[in-house]
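Below is one structure, written out as structure tokens; the observations come after it.
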Amino acid sequence: MNLLLGFLLGAAFGAILQLSGASSYTKILETLRLKDLTIMKVIMTAIGVGLIGVHGLDVLGVAHLKVKDLYLPGIVIAGLIFGMGFALTGYCPGTALAAAAEGKLDAWVTIVGGLFGALTFAFLFPNLESFLASFGGFGPVTIHGSFGVNGLLIALPLGVLCLWGAAKLPGSGTT
Amino acid sequence: MTNEPWKLNDTGYAVPVMPWWAGGLGIGIVLLIAVALVQPIGVSTQYVVLDGVLLHALSPDLADDSPYLKEASKGWTLATYEFFFVVGIPIGAFLAAAITKRFSTRVVPPLWAYRFGQAPGKRLAWSFIGGFLLLFGARFGGGCTSGHMISGVSQLAVSSFIFSAALFASAIVTARWLYPEQVKQ
């Protein structure tokens, strides 16, 4: 049952990535070159809906949350490495799967490279572990948690701001 | 269009058919269903899981040597909610592309070809290197675009805000280095 749910949610996610252009090399690169921000509008809308919805569900007591640990400087270096890979391939780990399925051979090679990258990390991990948190591991810190307020108090205005920003950013619409 | 010549004979350019707001709303709804029923969405861990299961099948001793692999691919099985979510992505994307008649095969993206030439070897070599960096960075950071940017930022996780900011800064600089302004006359 859980497997079927996972599959259906994944299939919906993959279909939306494909239909909204997020799996397109050109669309991603045009966004990163700041020429056509369509994908940025998609991401900001998703985050806006997510912020308001997740914290709304949390208030109702039905959210299953999983906040990732903060560790410095590891998380910054990780983001920088990921960003280089993102611009070189034009895909992220999820959209590469979508692009591969719609016949893009460079996405297949991206996935193979990714499997090797993940494997390399897995075997380097014991050596990297202490460096990962060299300035400090702070655990699963959240913005509202550090202010000691309810999440919705921050998520609601920030979510509205994201949705407003998504609407205001220039894009090419569906053309 | 004249200053974007790669779009003129562009068979590999999957033009979006869903407006940005519908795409964003759809992804947001998938996230909310996942959060309400199971857990936030994530993709990149499953690359490690697949690595673990494949390696365990080839050489159980080698796989057992990595505590990280052991932890990620618990029980060396792919029959999990998380893995099935990731399996669904290409199948959903394939059906979407097929139904909207936008399925097309190519090796070199037209934009890349315009800048770096048609040679497939060059594109594929950089795709491999880029893919390697993508997943190395994602595992280093503990998440990718879906796990950190969509799920993490939505939960107001500080690590996810920092990861996303570093990701975009680096990706924008890299994209501008690959495609300097002069190219587009």
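General remarks:
- Count of Lys pairs (Cα-Cα under 26 Å; at least 8 positions apart or interchain) in chain A: 10
- Between 0 and 90 degrees, the angle of helix B:120-141 with respect to the longest Cα principal axis of chain B falls at about 40 degrees.
- Part-to-part distance (alpha-carbon centres) for region A:139-175 and region B:109-185, which is given in Å: 22
- Area hidden from solvent between B and A (accessible, protein heavy atoms only, 1.4 Å, total, Å²): 10600
- Rounded, prolate or oblate (a/c below 1.5 giving rounded, otherwise prolate when a/b exceeds b/c) for the protein assembly as shown by Cα gyration tensor: rounded
- Highest-MSF residue in chain B out of B:Val108, B:Val15, B:Val87 [GNM, Cα springs under 10 Å]: B:Val15
- Helix-derived mean residue ellipticity, 222 nm - over chain A, DSSP H n ≥ 4, -39500 (n - 2.57), to 500: -23500 deg cm²/dmol
- Nonlocal amide H pairs with A:His64, under 5 Å, H built at 1.01 Å: B:Ala36
- When A:Met44, A:Met84 are compared by accessible area of protein heavy atoms, the largest-first order is A:Met84, A:Met44, using a 1.4 Å probe.
- A:Leu34 accessible area, 1.4 Å probe, all protein chains in place, Å² to nearest 10: 90
- The residues of region A:27-111 expose on average 27 square angstrom of accessible surface per residue, using a 1.4 Å probe on protein heavy atoms.
- Accessible area of A:Ile47 in the full protein assembly, 1.4 Å probe (Å², nearest 10): 20
- Residue mean of other protein chain beta carbons inside 10 Å, B:74-87: 4
- Residue order for A:Ile81, B:Ile41 - accessible surface, 1.4 angstrom probe, largest first: A:Ile81, B:Ile41
- Using a probe radius of 1.4 angstrom, the carbon and sulfur fraction of the accessible surface of region A:1-83 is 74%.
- Among the protein heavy atoms, those of B:Thr145 account for about 20 Å² of accessible surface (1.4 Å probe, every chain in place).
- Remark: accessible surface ordering of A:Val160, B:Val107 (largest first) is A:Val160, B:Val107, probe radius 1.4 Å.
- Computed from phi, the 3J(HN,Hα) profile of region B:146-161 under the Karplus parametrisation 6.51, -1.76, 1.60 (θ = phi - 60°) reads 6, x, 8, 6, 7, 6, x, 5, 4, 8, 6, 7, 4, 4, 6, 4 Hz, with x in place of Gly and Pro.
- Remark: mean inter-chain Cβ contacts per residue of A:156-162 equal 1, using a 10 Å Cβ-Cβ cutoff to other protein chain atoms.
- Within region B:50-121, trypsin sites (Lys or Arg not before Pro) in DSSP loop having at most 16 other beta-carbon neighbours inside 10 Å: B:Lys101
The values are calculated or read from the model by the stated rules, or taken from the named source; none is laboratory data. Fair warning: this is a prediction, and the values are worked out from it, not measured in the lab. Ideal geometry is used to build each Cβ from the backbone, glycine not excepted, and the neighbour counts take in all protein chains shown. In case anyone asks, the SASA skips ligands and DNA or RNA and just uses the protein heavy atoms, side chains included. Shrake-Rupley method; radii C 1.70, N 1.55, O 1.52, S 1.80 Å.
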